[in-house]
Amino acid sequence: MYLIGLAARSYDPLGALLLPHREGTSMGDLSRRVSRVRTLDGGVAVTNRGHSPGDRTLTISLSGLPMAVVDRARRLVRLHASITVSMPDGCFIGVPSEYVENRQLLTILVTEEA
């Protein structure tokens, strides 16, 4: 079990929380920006632009957590345009995109490394 840290980037006394990793949490797939196009001579042309942290989407399960923790996560979505996200593989800046009530999932779109 590891923790996921979320913190507002501007002052907010209720804008930080540590969340345990839960079933249903996805830390975002890693991929490279690669495209492949067929050429007229029967070959292919490959463009490889590397990896960008901004390609990740984090889905954090809040299922089974106390309502006070869920309310703080919802507050981040309502009040903050960007947050700092800390995970075992680094710290990132992200946008709290949505909280889906019936599935208790918080979605964060990573924009860059912090």
Vicinal HN-Hα couplings computed from phi for region 97-105 (Karplus, 6.51 cos²θ - 1.76 cosθ + 1.60; Hz; Gly/Pro x): 7, 7, 10, 9, 4, 5, 10, 6, 10
Suppose every K and R has +1 on its Cβ and every D and E has -1 on its Cβ; what is the size of the dipole of region 18-61 about the Cα centre, in Debye to the nearest 20? 140
Relative to the first principal axis of the alpha-carbon coordinates of the chain, what is the inclination of helix 67-79, with its axis defined by its Cα atoms, in degrees from 0 to 90 and to the nearest 10? 60
Once Ser63 and His51 are pulled to full extension, the length gained, defined as 0.36 nm per residue separation minus their Cα-Cα distance, is 1.2 nm
In the chain, carbon and sulfur make up what percent of the accessible area (probe 1.4 Å)? 51
Protein chains only, probe 1.4 Å: how do Tyr99, Tyr2 rank by accessible area, largest first? Tyr2, Tyr99
Calculated FRET efficiency for the pair Ser97/Arg32, C-beta based, R₀ 30 Å, to 0.05: 0.85
Per residue accessible area in Å² of the chain, where ligands, DNA and RNA are left out and the probe is 1.4 Å: 62
Nearest 20 debye, what's the magnitude of the dipole of the chain about its Cα centre given +1 on Lys and Arg Cβ and -1 on Asp and Glu Cβ? 160
Under the rule of -39500 (n - 2.57) per DSSP H run of 4 or more residues, summed and divided by the residues of the chain, what mean residue ellipticity at 222 nm is obtained, to the nearest 500 deg cm²/dmol? -3500 deg cm²/dmol
For volume of the Cα convex hull per residue in Å³, which listed value, (1) 132; (2) 104; (3) 235, comes from the coordinates shown? (1)
What percent does the relative contact order of the chain come to when contacts are Cα pairs within less than 8 Å and at least six residues apart? 28
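The values are calculated or read from the model by the stated rules, or taken from the named source; none is laboratory data. Quick caveat, the model's predicted, so the values are computed rather than measured. All Cβ positions, even for glycine, are placed from backbone atoms using ideal geometry, and neighbour counts span all protein chains on display. In case anyone asks, the SASA skips ligands and DNA or RNA and just uses the protein heavy atoms, side chains included. Shrake-Rupley method; radii C 1.70, N 1.55, O 1.52, S 1.80 Å.
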